[in-house]
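The values are calculated or read from the model by the stated rules, or taken from the named source; none is laboratory data. Everything numeric in this text was worked out from a predicted model, so none of it was measured. Neighbour counts are summed over all protein chains in view; Cβ atoms, including those assigned to glycine, are modelled from backbone coordinates with ideal geometry. SASA here: full protein model, heavy atoms, side chains in, ligands and nucleic acids out. Shrake-Rupley method; radii C 1.70, N 1.55, O 1.52, S 1.80 Å.
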Amino acid sequence: MNDLPRILLVEDDPKDVALTLKALERFNLANEVTVARDGVEALDFLFCRGNYSRRPPGNPAVVLLDLKLPKMDGLEVLRILRGTEALRMIPVVILTSSGEDRDRIEGYRLGTNAYVVKPVHFATFMESVACLGGFWAIVNAPPPGSFPNFGALARRPSNPQ
Amino acid sequence: MDEKRPDGQVNILLVDDQPEGLLVLESALAPLGQRLSRAHSGADALRQVLAADFAAILLDVQMPGMDGYETAEAIRSRERSRNTPILFLTAHHTSEVQIFHGYASGAVDFLIKPCSAEILRSKVKVFVELARQSEALKELNQELELLNARLGATNRELEAFSYSVSHDLRAPLRHVNGFLGLLEEHLEGLMDEEGRSYMSRAQGASQRMGQLIDDILGFSRLARQDLMKTRLDLNPLARAVIEEMEPEAGDRKIEWRIGDLPTIQGDPSLLRAAFANLLGNAVKFTGHKPEAVIEMGPLDDLGAEVGVFVRDNGAGFDPAYAHKLFGVFQRLHLDDEFEGTGIGLANVQRIAQRHGGRVWAEGNPGEGATFYLAFPKETQP
């Protein structure tokens with residue numbers, strides 16, 4: 001795990017964490033991930049406080065955000081994120097089991113960049129999550145304040161590590 | 001005050017300015033065992049009628065001040081007492097004109113004094129019975145309304161429950177699929193045929209579970225989603241559904257015979273789903289026929305309803321099991337004959353019901369099937 005992870009995965013279920021990391025391996029992104037197990041930990045990371053008070057400054061290129069989290073749910077995290085000057089531009093992809101319209105509507109109202117219902121089908125899940133990671137962490141140029149993408153050049157398909 | 005006491009008694013109002021008249025009525029009616037109220041004038045009668053309900057009112061015609069006719073008219077003009085039976089009592093020298101006037105004021109009977117006690121009793125008894133029955137009916141209705149409300153609440157709870165459970169089942173299902181998939185990748189090349197067979201069946205079952213969950217969610221959604229009725233010409237709807245189906249049908253030869261379908265008041269997305277189901281079934285169950293014929297047309301001689309039918313010349317079904325066709329997850333065929341979870345027709349029935357309509361079917365094994373979808377005619381714009 002490097003110090004400047006480009007992906008913040010906010011997910012409480014260890015099985016979903018395992019599956020998501022496996023999917024992100026496809027584009028060699030698994031070691032670009034910090035996992036926060038609930039909303040409070042996620043904010044600790046983003047605000048560089050608590051366990052993360054000594055981490056190098058900078059924002060991840062994307063936050064993969066589950067909604068059903070203990071302590072503080074995903075929408076609350078999003079609301080705080082979007083309400084904080086230094087963090088409000090961080091791309092957020094809501095990655096959730098919930099197909100509920102009201103969650104989707106509220107998510108977009110609060111300013112999420114994308115809303116993805118975790119596919120139930122194995123191959124679809126792997127493909128979708130890998131592509132999400134690939135797009136936001138590699139293809140997309142992140143907003144100012146993000147961790148520099150030192151490893152990106154080295155990790156391009158034409159230059160395998 | 002109600003017209004009936006808990007012990008089954010009803011109220012009867014006796015109106016006469018002369019005390020002797022009232023006495024005669026009381027003694028004649030006492031054996032009926034009902035509650036007798038007395039009024040000495042039209043005005044008094046009106047006051048009482050405003051305060052209580054009566055099974056019958058015996059009204060003397062000749063009264064000072066407000067006479068019987070005026071009183072009767074006044075009683076009839078009040079909402080609460082509008083339908084209370086009024087029996088006029090008058091001296092025997094009443095002309096036909098007066099009798100006519102009496103009926104015109106709303107009397108149900110005209111009795112000439114002196115009236116035999118027995119006759120009086122039997123006439124009033126009829127109204128006592130009527131009042132009792134009417135009260136019993138009212139109570140039954142109230143009970144029914146209560147049960148209905150409870151049923152509605154239970155239904156909604158059930159819907160919410162099945163929705164939330166299905167929803168919550170998706171996460172563990174995703175995990176099962178995920179780790180089976182990873183396991184399969186991990187054991188690539190290491191599994192023998194038996195192992196691969198177990199793996200494949202586990203994955204197949206998991207897939208099936210996913211399908212069932214999706215179907216429950218879809219079925220549940222049909223009950224919850226808002227109905228948006230609009231003037232809907234069913235012809236373009238049917239054509240659109242068929243067009244969508246063509247690629248699936250592939251290189252099969254299907255003859256479509258679509259008649260002139262009616263226009264109804266309906267929810268486009270729900271009706272579209274219903275058509276997709278019915279037409280999709282027709283395509284599916286004619287899968288083994290070299291030349292499939294699928295017809296769709298209007299239902300003309302339904303009287304108070306308007307509708308359509310879908311007929312195919314496919315596998316059909318055993319009419320002995322027709323009542324099971326529309327059950328949730330009920331199937332009349334095997335998976336290896338025709339795929340499906342058995343939710344499609346349950347969905348169609350639900351859609352029909354939400355429009356106040358109905359769906360039914362006819363068929364015979366090997367001789368195809370016909371499905372009928374009908375809506376109440378008021379739905380026609």
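Distance from the C-alpha centroid of segment A:39-69 to that of segment B:61-84: 84 Å, rounded to the whole angstrom.
Among rounded, prolate and oblate, which fits segment B:146-245 when a ≥ b ≥ c are the square roots of the eigenvalues of its C-alpha gyration tensor, a/c under 1.5 means rounded, and a/b larger than b/c means prolate? Provide the component values of the computation, followed by the final result.
Details: a/c = 4.12, a/b = 1.69, b/c = 2.43.
Note, shape of segment B:146-245 comes out oblate.
Going down the list A:LYS118/B:LYS284; A:LYS118/B:LYS324; B:LYS229/B:LYS377; A:LYS22/A:LYS118; A:LYS15/A:LYS118; B:LYS138/B:LYS229, which pairs span over 23 Å between their C-alpha atoms? Going by Cα-Cα distance, A:LYS118/B:LYS284; A:LYS118/B:LYS324; B:LYS138/B:LYS229 fall outside the 23 Å limit.
When the square roots of the Cα gyration tensor eigenvalues are ordered a ≥ b ≥ c, the ratio a/c for segment B:192-267 is 1.5 or more and a/b does not exceed b/c, which makes its shape oblate. Annotation for the A:B interface, with buried accessible surface near 1400 Å², both sides summed [1.4 Å probe; non-protein components not counted]. The packing ranking of peptides B:366-372, A:136-142, B:196-202, B:147-153, highest mean first, is B:366-372, A:136-142, B:196-202, B:147-153, where packing means the average number of other beta carbon atoms within 10 angstrom of each residue. Taking amide hydrogens as placed 1.01 Å from N in the peptide plane, the amide H of B:ASP53 sits under 5 Å from those of B:GLU3, each at least 5 positions away in sequence or on another chain. Computed over Cα pairs, the Kirkwood radius of segment B:264-306 leads via Stokes-Einstein (1.567 mPa s, 4 °C) to a diffusion coefficient of 104 µm² per second. Work out the mean other chain Cβ neighbour count within 10 Å for the residues of B:165-174 and drop it here as an integer. Mean shielding count: 4. Scattering from the C-alpha atoms of chain B alone, worked out with Debye: what is log10 I(q)/I(0) at q = 0.08, 0.12, 0.13 1/Å? One equal scatterer on each Cα of chain B leads to -0.68, -0.92, -1.01.
With distances taken between every two different alpha-carbon atoms, segment A:36-104 has a Kirkwood hydrodynamic radius of 12.5 Å. Once you charge only the Cβ atoms, +1 for Lys and Arg and -1 for Asp and Glu, what is the size of the charge dipole of the protein assembly as shown about its Cα centre, to the nearest 20 debye? Using only the charged Cβ atoms, the result is roughly 1460 debye. Placing +1 on the Cβ of every Lys and Arg and -1 on the Cβ of every Asp and Glu, with nothing else charged, gives segment B:209-310 a dipole about its Cα centre of roughly 220 debye. Taking a ≥ b ≥ c as the square roots of the eigenvalues of the Cα gyration tensor, segment B:200-313 is oblate, since a/c reaches 1.5 or more and a/b is not larger than b/c. Partner shielding of B:208-219 amounts to 1, given as the average count of beta-carbon atoms from other chains within 10 Å of each residue beta-carbon. How many angstrom lie between the Cα centre of segment B:300-330 and the Cα centre of segment B:97-122? Cα centroid of segment B:300-330 versus Cα centroid of segment B:97-122: 59 Å apart. The residue list B:ILE242, B:ILE119, B:GLY195 was ranked by how far each Cα lies along the charge dipole of segment B:119-250 toward its positive end, using unit charges on Cβ atoms, and B:ILE119 comes out on top. Among complete DSSP H helices in chain B, those whose alpha-carbon atoms stretch at least 18 Å along the helix's long axis and whose mean Kyte-Doolittle hydropathy reaches 0.5 are B:268-285.
Here the dipole of segment B:1-121 is about 300 debye; that uses its Cα centre as origin and unit charges on the Cβ of Lys and Arg (positive) and Asp and Glu (negative).
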